[in-house]
Amino acid sequence: MTDLKQIQNKVLYEKIKVISNALRFHILELTQARELSITQLATALHLSYTKTADYVKMLEDLELISKSKRGKEVKVRSKVMIKSDVLIFGHASS
């Protein structure tokens, strides 16, 4: 097994590690084309609000999503473009 010290691109490694979880990856998929609130994501994923917010925070910490506040609601949007066999990090769709 490779020691983390030997990995040259630790940031990319951490991003891949976080999105290897199916639910976190699905958050990126759901928010590619439109902004969704954490409540909407929780409903779509059949998760609690708290667990969904935790996942969103992990993605936000690695700059994989952006968040904006509208009144009391927090909206989430993916910064990753997902194609059939390619991920493009830092993508900001309009």
What helix-only [θ] at 222 nm does the chain give? Using -39500 (n - 2.57) per DSSP H run of at least 4, over all residues, to the nearest 500, the answer is -12500 deg cm²/dmol
Full extension between residue 6 and residue 69 adds, at 0.36 nm per residue less the Cα distance, a length in nm of 18.8 nm
If amide H atoms are built 1.01 Å from N in the plane of the peptide, which residues on other chains or at least 5 residues away come under 5 Å of the amide H of residue 36?
76
Roughly how many debye, to the nearest 20, is the charge dipole of the chain about its Cα centre, given +1 on each Lys and Arg Cβ, -1 on each Asp and Glu Cβ, and no other charges?
260 debye
Lys pairs in the chain, Cα-Cα under 18 Å, at least 8 apart or on separate chains: how many?
19
Angle between the Cα long axis of helix 10-19 and the longest principal axis of the chain, 0 to 90 degrees, nearest 10?
50 degrees
Would you mind giving the three semi-axes, in whole Å and largest first, of the ellipsoid equivalent to the chain according to its Cα gyration tensor?
24, 15, 12
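Computed from the coordinates by the stated procedures, all read-outs in this text should not be read as laboratory data. Just so we're clear, the structure is a prediction, and the values are computed from it rather than from any experiment. Every residue, glycine among them, receives a Cβ derived from its backbone with ideal geometry; neighbour counts consider all protein chains shown.
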